[in-house]
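Notes for the one structure printed next.
The values are calculated or read from the model by the stated rules, or taken from the named source; none is laboratory data. Model, not experiment: these values are computed from the prediction. When we count neighbours, we look across all protein chains shown, and the Cβ atoms used for this are built from the backbone with ideal geometry, even at glycine.
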Amino acid sequence: MDSNIDNGEIIQTIHAPAKQGSSTNFLTKFLSNRYLFSGSVIIIAVVIFALYGYFFPPYNPSATFASNLQPSSAHLLGTNYFGNDILSDFMVSIIPTLEIALIGAALALLVAVVVGLFGGYFSGMKNELLAFFINVFLLIPGLPLAIVISSGLEASHSNLGVLSLAIVIIVTGWAFGARTIRAQAMSIAGRDYIRFIKHTGESDFRIIFREVLPSLLSYIGYVFTNLIIFAILLETSLLFLGLGNESIISLGSILYFANNYDAILLGEWWWFIPPGLTIAIIGVGFGLMSLGLDTIANPTLRTYKNAKKFEREKRQPEKNHLHESSNEES
Amino acid sequence: MPGNPVDAVIGTLQQSTTLTPQQILSLKASLGYTNGPITTQFFQFVANVFSGNFGTSIQYYPTPAINIIMQSIVWTVLLFGIALILSFLIGNYLGLRSAHKRGSASDSFTSVISLFLYSFPYFWMALLFLFFLSIEFHIFPEAGAYNHLLSPSSPSYYLSVVTHIILPLATLIIASYGAWYLGMRNNTIATLNDDYLKYAEMAGLRKSTIVDYSKKNAILPNLTGFALSLGNIISGGILVEMVFSYPGLGFDIYNAVINEDFPVLETSFLLIIISVLVANFIMDLLYYRLDPRIREG
């Protein structure tokens, strides 16, 4: 609890100048945060590759050739059991994978932000009840629950398709985000300036969205990136287990077919290594971004090197100022 | 879930013998399938649980569900228990080391590698291990938890248990230690900013003493996470057990979903939830002993 309060105070001081700062201020902040910067570069590179692959695959992914071909100049990653070109299949699948994960993570974030903000702002019975509810959801192991929900949804509403995966992501993912945001909202809501605003007669709704929400933005970003990682891993795991709709195009389904048609026993590494590696790279990209956002939210985490640089930058203007004043004198 | 698994059991039984309508009715009743609404069926299950009846498995009819789970739970406890403890120790040790050397090359290197491994899908890492270490180079066995040909008391049987567990264990540890590492690194850095450690540094205490002082406070949040992570390792374990055909609870859950074996599913979920709750309860009690500050409150 103590550390939360500390963080809250620091956030306040950080965000106060950011409100007045221009967009260049944000840009330098963004570029100087090496985790956030390198993570974004990885994600942008993956998205560009995925978009290119989605619109210009070497072959039509449903076109059939001889099956189980080795990699060659005509088929860079060979063909699979069904005779489809593996490279085309792989390139076309990245965008849908990201799409499912982003939809699921965004909806889970929405639930987490609403529950976290209101739960953290209002104290009393409702808050305690909500905390209990969040803890129950955190305790339930995610994947077993996801397996049951997705196979249940698949049976009763098989026309849901992608949406059923999104529902699974929301149900199993929201609690993590709600806990983080609730803890921060609670520490902000207890601050003197919020109490002061309350006394001026501002409505709770306005305080939550005008005062509490903006100071939690970096936390929300942190939660969002983590939810995306969670969503991608959950989505591909479920599809790998063969629990989603088989018609869903995703990196997870490629791995499902690779595993079920003995790619591993036959030594066809070109079938199952690229999709898994792509999932890992996407995970690393968002993971780096979340580390970067974490250092913005908790300035205490900044490394020594950055701290020294920060001090140097702080000293710089003073020197200039002295210099200017001496010029004026002369 | 699709269809009605009881009809499948009746179907297979009717292939060998013809069943009278009375027999079908009593069979349905014994499998817990009554015509009442689903809530009534659920409360019937809950009531049965309290009398020690977890229902009959549908895929291995007429074996009781609890027998199937009891067979596999030994392997799961062995695999998950060792994985949980080792990944906790490795992650916290590396995190502590990184935090004290923060900003250095070794810190950046360990951070990036841990993050990379942490982002790996469990099942894909399992596939990689399976492919490279057992199929291409035949270093480790491909599937199962022991060698079926050996009698369960000979020393070579225990050796086969060890060689079979290494790959699933390595997958679980490598894919899960990153969370501990990142948590411990952050906590230690936060703790190092505390006044008492700044004073210790200024007073010129040895580096090893400062590390010792910082770790006791930094590890507390990770200890709370220890019980919570049980759920996470169970999730990862299901996939890993499936890839390595390791005969544990995760493999049971997967087979039960595929074969619509509701009693086995219900019983394994019940056991998972109970074990997670008990672990959290024990951790809360331990926390009270570990952190003197909350005793006053």
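Among the residues of this structure, A:Phe257 does not count as one that is in a helix (DSSP H, G or I), surrounded by fewer than 24 Cβ atoms within 10 Å (Cβ to Cβ), touching a helix residue (DSSP H, G or I) at 6+ places or on another chain (Cβ under 7 Å) and touching a residue at least 12 places away in the same chain (Cβ under 8 Å).
Considering only residues in region A:116-160 that are among the polar types (S, T, N, Q) and within 11 Å of chain B (Cβ to nearest Cβ), the one that is surrounded by the most Cβ atoms within 10 Å (Cβ to Cβ) turns out to be A:Ser150. Can you confirm whether region B:118-140 contains a residue that is out of contact with any Asp or Glu (no Cβ under 7 Å at 6 or more places or on another chain) and within 30 Å of B:Ser208 (Cβ to Cβ)? Yes - at least one qualifying residue is present in region B:118-140. Checking each residue in region B:222-265 for being more than 10 Å from chain A (Cβ to nearest Cβ), farther than 22 Å from B:Ser134 by Cβ and of a type in the set (D, E, K, R) picks out B:Asp252, B:Asp261. For region B:93-130, taking the residues that are polar (S, T, N, Q), crowded, with 22+ Cβ neighbours inside 10 Å and over 30 Å from B:Phe269 (Cβ atoms), the one that is nearest to the other protein chains (Cβ to nearest Cβ) is identified as B:Ser111. All conditions but one from (1) in contact with a Gly (Cβ under 9 Å, 6 or more places away or on another chain); (2) of a type outside the set (A, V, I, L, M, F, W, C); (3) within 12 Å of chain A (Cβ to nearest Cβ) apply to B:Asp284; the one that does not is (1). Counting only residues that are hydroxyl-bearing (Ser, Thr, Tyr) and crowded, with 24+ Cβ neighbours inside 10 Å, which one in region A:226-249 is farthest from B:Val243 (Cα to Cα)? So, considering only residues that are hydroxyl-bearing (Ser, Thr, Tyr) and crowded, with 24+ Cβ neighbours inside 10 Å, the one farthest from B:Val243 (Cα to Cα) is A:Thr236.
Taking the conditions exactly as written (in a helix (DSSP H, G or I), surrounded by 11 or more Cβ atoms within 10 Å (Cβ to Cβ), of a type in the set (Ser, Thr, Tyr) and modelled with pLDDT under 80), does A:Thr64 satisfy them or not?
So A:Thr64 does not fit the description; no.
All conditions but one from (1) within 14 Å of chain A (Cβ to nearest Cβ); (2) polar (S, T, N, Q); (3) farther than 27 Å from B:Phe120 by Cβ apply to B:Ser154; the one that does not is (1). Filter region B:272-281 for residues that are more than 12 Å from the chain's Cα centre (by Cα) and either not β-branched (Val, Ile, Thr) or not in a helix (DSSP H, G or I) (or both) and give the result. Across region B:272-281, the qualifying residues are B:Leu277, B:Ala279, B:Asn280, B:Phe281. Checking each residue in region A:153-192 for being out of contact with any helix residue (DSSP H, G or I) (no Cβ under 9 Å at 6 or more places or on another chain) and not aliphatic (A, V, I, L, M) picks out A:Ser156, A:Asn159, A:Gly161, A:Asp192.
Flag: A:Ile264 does not match the condition of being more than 7 Å from every other protein chain (Cβ to nearest Cβ) and either modelled with pLDDT of 60 or more or surrounded by 21 or more Cβ atoms within 10 Å (Cβ to Cβ) (or both).
Scanning region B:104-153 for residues that are over 22 Å from the mean Cα position of the chain (by Cα) and closer than 15 Å to A:Leu266 by Cα yields a count of 8.
When each of A:Ile149, A:Ile181, A:Ile169, A:Ile140 is tested for being within 17 Å of A:Gly252 (Cα to Cα) and β-branched (Val, Ile, Thr), the lone residue that passes is A:Ile169. Can you find a residue in region A:282-297 that is at pLDDT below 85 and β-branched (Val, Ile, Thr)? Yes, that holds for at least one residue.
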